[in-house]
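Note sheet for the following structure.
The values are calculated or read from the model by the stated rules, or taken from the named source; none is laboratory data. Keep in mind that what you see is a predicted model, and the values were worked out from it rather than measured. Note: ideal-geometry Cβ built from the backbone for every residue, glycine included; neighbour counts use all protein chains shown.
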Amino acid sequence: MITVITGGTGSIKLVRGLDSVLDEKMTIITNVGDNIWLFGLYICPDIDTTLYGLSGQLDQKRGWGIYNDTFNWMTSVNKFSDNAWFQIGDKDLDTHRLRTKLFKDGMKLSEITKLMSNRMNIKHHIIPASNHAIETTITTNDRQMHLQEFWVKNKGNLPIKDVTYKGIEIAEPADNITNVIKNSDKIIIAPGNPISSIGPTIAITKLKKSLKESNARKIALSPIIRNKPISGPAGKMMRAKGYSVSNIGVAKFYSDFIDELIIDSSDIKYMDKITKMGIKVHQTQILMKNSLNEIELAKYILSDN
Ligand code: GDP
């Protein structure tokens, strides 16, 4: 049984690769820290990237939303709302509308995600990390703000003093996640921003405990090549949390539960240092520029090397 812990734009590339090569169903545990209420809608960006990515609807260039979408609704929103900095496509809108309706009707986020996944004919189990609200919050110089306000509204152009997960103390893993983790043969930490995409999931106390207790092979795929993230604000966030922006930093961040780390061949110089941390290191090409790269990396992770 394969379980993948995922974030957004980086993770979906590997998940797509795994989907192409796996006959069996995998369980995908998605980040909920970037969920946000805007325009009266419950928006779950990383869940949607996973749903759209696995149903062939994702705008792969942007890494979010539906391809060939239009943004006419946003033009109307601009007239009435100050929150028009967050873009929602016209086709994408109905996902948020339906989720919000079902949520207000009393369904849990995991139930809604299952329903949507079934409607999109996705064969895998997609489970949000928690049905409790967890909010990734950035502390800048003068105040705290939602991750989306930091990254989308302010384009990440603010200093980061701290990153915290609001609500994490009372958050429980959704559904049967802890059992799935305990019964998995392989647990893959997909490439995602360690602090804001994978961090909120593994900070859930019971989920982390089950990761530590599981006898599965726990393998992380690094999101960092040559001391830089491939995209997004991971570098700035890692620095703010006291981790070096390197594979040493990634290894340290995951060191209390992973067995193995896959790094890029160009970062081979870090191998000894990471091995000394008790983590087995693999090196290969970890940049996924196209579907062939996604499939090759998925095969590499699934092999028993
Ligand atoms: P955000 O963009 O920082 O909010 O984080 P996401 O979790 O949505 O995804 C971006 C993360 O995935 C970044 O940390 C990237 O470095 C990483 N990433 C993106 N593309 C790739 C890729 O092709 N290979 C690997 N190994 N990591 C990637």
Query raised in the report: For region 42-95, how many residues meet the condition of being of a type in the set (Val, Ile, Thr) and over 22 Å from residue 11 (Cβ atoms)?
Result: 3
Query raised in the report: If we scan region 227-236, do we find a residue that is touching a helix residue (DSSP H, G or I) at 6+ places or on another chain (Cβ under 6 Å) and among the aliphatic types (A, V, I, L, M)?
Result: no
Report summary line: When region 17-49 is checked residue by residue, the ones that are of a type outside the set (Asp, Glu), within 16 Å of the ligand (Cβ to nearest atom) and within 21 Å of residue 168 (Cα to Cα) are 28, 29, 30, 31, 32, 33, 35, 36, 43, 44, 45, 47
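Report those helices (runs of 4 or more DSSP H) wholly inside region 235-303 carrying at least 2 residues which are exposed (fewer than 14 other Cβ atoms within 10 Å of the Cβ) and either within 13 Å of the ligand (Cβ to nearest atom) or at pLDDT below 95 (or both).
291-302
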Query raised in the report: Can you tell me which residues in region 217-228 are more than 14 Å from the chain's Cα centre (by Cα), surrounded by 21 or more Cβ atoms within 10 Å (Cβ to Cβ) and not β-branched (Val, Ile, Thr)?
Result: 218
Report summary line: Only one of 43, 112, 29 is surrounded by 20 or more Cβ atoms within 10 Å (Cβ to Cβ) and without any contact (Cβ under 8 Å) to a residue 24 or more places away in the chain, namely 112
Requested in this report: Report the residue count in region 1-16 for those that are of a type outside the set (D, E, K, R), more than 8 Å from the ligand (Cβ to nearest atom) and more than 10 Å from residue 190 (Cβ to Cβ).
Outcome: 3
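Each row is one residue, and each column tells you yes or no for (1) over 21 Å from residue 54 (Cβ atoms); (2) more than 16 Å from the ligand (Cβ to nearest atom); (3) surrounded by 17 or more Cβ atoms within 10 Å (Cβ to Cβ).
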| position | (1), (2), (3) |
| --- | --- |
| 86 | yes, no, yes |
| 100 | yes, yes, yes |
| 118 | no, yes, no |
| 121 | no, yes, no |
| 136 | yes, no, yes |
| 142 | yes, yes, no |
| 145 | yes, no, no |
